[in-house]
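Have a look at the structure below, then the notes.
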Amino acid sequence: MILVWATQHDAPAERVLAALAARGVETCQIDEYALKTLRYDLVFAQSPEGWIEAAGRRLAIEDVRGIYLRPGEPVADDARIAATVLIALASGLQGVVVNRPAAGRSNASKPYQLDLLAQAGFLVPDTLVTTDPSAARAFLRRHGRLVYKSLSGIRSIVSTLDESDEARLDNARTGPVQLQAYVRGLDLRVHVVGERWFACCVRSEAADYRYAGAAGATAQLSEFDLPEQVGRRLLALVREMGLLVAGVDLRQTPEGSWVCFEVNPSPGFPWYEDATGHQIAEAIADLLVS
Amino acid sequence: MIVVVGSRHDAVSSMLVERWPHAALCSAEDLVRPGWVWHHARPGQRTWIIDARPVRDEDVTGIFIRRSSVYAEEMLTTHPADRAFLASECHAFLTFILATTSARVVNPVSDGAFGEEALRPERWTTAASETGIAVRPVRVTSQARRRRGLRTTEVEVVGGEVFGELPARVLDRVRSMAERLRMVWGTLLFDARHRLINVTAMRPPSDAAAVSLGRFLTVGHT
């Protein structure tokens, strides 16, 4: 039995569920609505024991071999308590959990995660977090072009700033902003699944290729032949972070360097899968039943 | 200087600021004041805003954490529609600060979490069993059930020191467990059979622990 905790119609979860079904694996999905009526009786000692009951279906924890998590925000207070119970279960279960909640937490603070990437030996963009407009202006003058993006895991559209935007930096005084030196090069998204990697390059004129359409630009995705050495380093990085599955964002500079921006512990992979033919959901299903 | 990262509404934070020499409170309100500069690659270019005043990171010797999160309700100077986002941004910023400051941090950031969140049960139950400390099983149920009162004994850990009334062999194991967790400060609750019930960093320190913590936080940089 593989437990899938994901919001209704979540595309990655649907693909993983289909891949598990094709393997004849029994699954149970808990979505945000099932959370509200979740019943449970669990004992946490060395490993969790007991049962959970979702939508009238009772599961013995000893039968749960793995969990795939892509939960959204709980919809009500009673769901929040159930979500806490599921997080505890996913943290302690003896089985394959994609991913353990604590392992993915670094992504909730992007500059903190960037520091982990630098410690692991990856090049990272020069980064300043500030509420001081004069420090922000000095940083802009030093680099000429900056990227502005959120610090937290809340999704934001990455945008660029150049010297014509200097006056806007006065807004930094109302709360912390994260500024990064702009790095030229080719965007790459590498999905790591267990011991495998799937590399995709993205050619786009947009500052944030995920929103290229909204910016009046295009994004062209294609399979990318990632050097073995870089792939091995990414595997080691993801393993070191305690993750089994991750989406790593990199840029290859014109000089041939690899700059690492972010490790996403809950990647939305279908867009990349469709563009490249990579079998990412299949690989995740293999991992869950391994 | 000692910095207590907490809330103006937390009596323990205020008590510790009064008790420790050269201590000040860094509140959620400070996180949205102008003047913070935190450069990732240049540790010499880092400035805190503490009690509305700029303080260079190298002038901070120790940080005592009295919160696990930054809450939307604390962002009172911001439009209500933006408070949840800003609180999330401030939380992420505080994580970055606590993980990269050159000062001693009690307790250090673990897996991107600080405060009580850094002492998650899956961490301390593992550390307890690795050091030979029995853990009392915890039952979590959606069904109504009567709670039984428990007689508990508290043990406090500060650095390598352990304060509490338990057999010496248990206290030795507590010391080893704290080392494994990189837990500088915490309170451990045991039941009558010396089984560990909980580990928390949110209890007020006893007098002896507060004195020891003050010394630890004044000593200097890591």
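The values are calculated or read from the model by the stated rules, or taken from the named source; none is laboratory data. Bear in mind that the values here come from a model prediction, so they are computed numbers and not experimental data. We place every Cβ from the backbone using ideal geometry, glycine too, and count neighbours over all the protein chains shown. Accessible surface is based on the protein model in full, side chains and every heavy atom, while ligands, DNA and RNA are left aside. Shrake-Rupley method; radii C 1.70, N 1.55, O 1.52, S 1.80 Å.
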Can you give the percent of C-alpha pairs in chain A whose distance is more than 34 Å?
27
Rounded to the nearest 100 Å², the accessible area hidden between B and A, summed over both chains at a 1.4 Å probe radius, is 3200
For A:S222, solvent-accessible area (1.4 Å; no DNA, RNA or ligand), Å²
40
Per the Kirkwood definition applied to all pairs of different Cα atoms, how many angstroms is the hydrodynamic radius of the stretch A:2-98?
13.4
Among A:T131, A:I81, A:L161, flag the residue with its Cα farthest along the positive direction of the charge dipole of the stretch A:48-203, charges on Cβ as +1 for Lys/Arg and -1 for Asp/Glu.
A:L161
Which residues of the stretch B:55-99 bury at least 30 Å² of accessible area once all protein chains are present, versus their chain alone (1.4 Å probe)?
B:F85, B:S88, B:E89, B:A92, B:F93, B:F96
Tally the DSSP beta bridges in the protein assembly as shown and give the antiparallel ones as a percent, rounded to 5.
75
Starting from the Cα of A:A138, step 7 Å along the direction of its Cβ; do the same at A:A45; then give the gap between the two resulting points in nm.
6.0
Once fully extended, how much extra length lies between A:I81 and A:A120, figured as 0.36 nm per residue of separation less the alpha-carbon to alpha-carbon distance?
10.5 nm
Averaging sequence separations of C-alpha pairs under 8 Å and six or more residues apart, then dividing by the length of the stretch B:132-222, give the relative contact order as a whole percent.
31
Springs between alpha-carbon atoms under 10 Å, Gaussian network over chain B: tell me which of B:F190, B:F64, B:F93 tops the mean-square fluctuations.
B:F93
Is there a simple number for the mean count of other chain Cβ atoms within 10 Å of the Cβ of residues in B:107-118, and what is it?
3
Test item: Cα-centred dipole of chain B, Lys/Arg +1 and Asp/Glu -1 on Cβ, debye:
920
Cα gyration tensor shape for the protein assembly as shown, rounded if a/c is under 1.5, else prolate or oblate
oblate
With axes computed from alpha carbons, what is the tilt in degrees of helix A:280-289 against the longest principal axis of chain A, rounded to the nearest 10 within 0 to 90?
40
Stokes-Einstein D for chain B (10 °C, 1.306 mPa s, Kirkwood Rh from Cα pairs), in µm²/s, comes to 85
Picking from B:L119, B:V211, B:G35, whose Cα lies most toward the positive end of the charge dipole for chain B (charges on Cβ: Lys, Arg +1; Asp, Glu -1)?
B:L119
Most mobile of B:L166, B:L188, B:L196 in a GNM of chain B (Cα contacts under 10 Å):
B:L166
Filter chain B for me: DSSP H helices, axial length by Cα at least 15 angstrom, mean Kyte-Doolittle hydropathy not below 1.0. List them by residue number.
B:83-100
Counting only protein heavy atoms with a 1.4 Å probe and every protein chain in place, the carbon and sulfur fraction of the accessible surface of chain B in whole percent equals 50
Among bridges DSSP assigns within the stretch B:44-172, what percent are antiparallel (round to 5)?
75
Return a whole-number percent for the relative contact order of the stretch A:32-118, with Cα pairs under 8 Å and 6 or more residues apart as the contact set.
26
Apportionment of accessible area to carbon and sulfur, chain A, percent (1.4 Å):
47
Restricting attention to the stretch A:207-271, which GluC sites (Glu not before Pro) occupy a DSSP loop and are surrounded by at most 16 other Cβ atoms within 10 Å?
A:E255
So, for chain A, what is the accessible surface per residue at a probe of 1.4 Å, expressed in square angstrom?
43
For the stretch B:120-200, accessible area per residue (1.4 Å probe, heavy atoms of protein chains only), Å²:
56
Taking the stretch B:1-68, which trypsin sites (Lys or Arg not before Pro) meet the DSSP loop condition and have no more than 15 other C-beta atoms within 10 Å?
B:R8
Distance from the Cα centre of the stretch A:98-151 to that of the stretch B:132-185, in angstrom?
37
If ligands, DNA and RNA are left out, what is the accessible area of B:R169 with a 1.4 Å probe, given in Å² to the nearest 10?
130
Compute the helix-to-body angle for A:133-143: its Cα long axis versus the longest principal axis of chain A, expressed 0 to 90° and rounded to tens.
80
